[in-house]
Amino acid sequence: MKFDFMHVYSAKTVPFFILSFLCVAGQLSSQSTDIDTEINALLSTLDSCKGCVFIRNGSEHTVQEAKAHLLRKYEATKGRIKTTEDFIVGLASKSSITGTPYKIRFPDGKEVESEKWLTEQLAKLRKPVSPGKKNK
């Protein structure tokens, strides 16, 4: 018995399904772009951390090295990251091999886990800016 596609799906429903698919695909692509933009902005906040040291598995790294490392991790797992919070918790907060938390050491010697610091930076990025003021 031969399957008659047009008998099951009318000429009106096929374009509807195609249009629906394209809308969903476009929305997913837009979400991916938004996440990419937000993650890049978040990682750019590392540049403002003058004199900071990124500690990964006991080794010290510059913030530029940290940024490059986190971008590589993100690119390698991009399809599985759905939100910037997923990025922070899943990739930017600890070693995927040892599970050891990443830390940031500030010039005054204070250390904080990267998850906490990046989460704070993300909140600042998302905070609406009042006219005439900049987020700090």
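On the given criteria, is residue 50 under 26 Å from residue 107 (Cα atoms) and part of a loop (DSSP other than H, G, I, E, B)? Quick ask: steps written out before the conclusion?
Details: under 26 Å from residue 107 (Cα atoms): yes; part of a loop (DSSP other than H, G, I, E, B): yes.
Yes.
Per-residue answers, yes or no, for (1) within 12 Å of residue 118 (Cβ to Cβ); (2) at pLDDT 95 or above; (3) surrounded by 11 or more Cβ atoms within 10 Å (Cβ to Cβ):
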site	(1), (2), (3)
48	no, no, no
51	no, yes, no
54	yes, yes, yes
58	no, yes, no
66	yes, yes, yes
69	no, yes, yes
77	no, no, yes
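The values are calculated or read from the model by the stated rules, or taken from the named source; none is laboratory data. Quantities reported herein were computed from a predicted structural model and do not represent experimental measurements. Ideal geometry is used to build each Cβ from the backbone, glycine not excepted, and the neighbour counts take in all protein chains shown.
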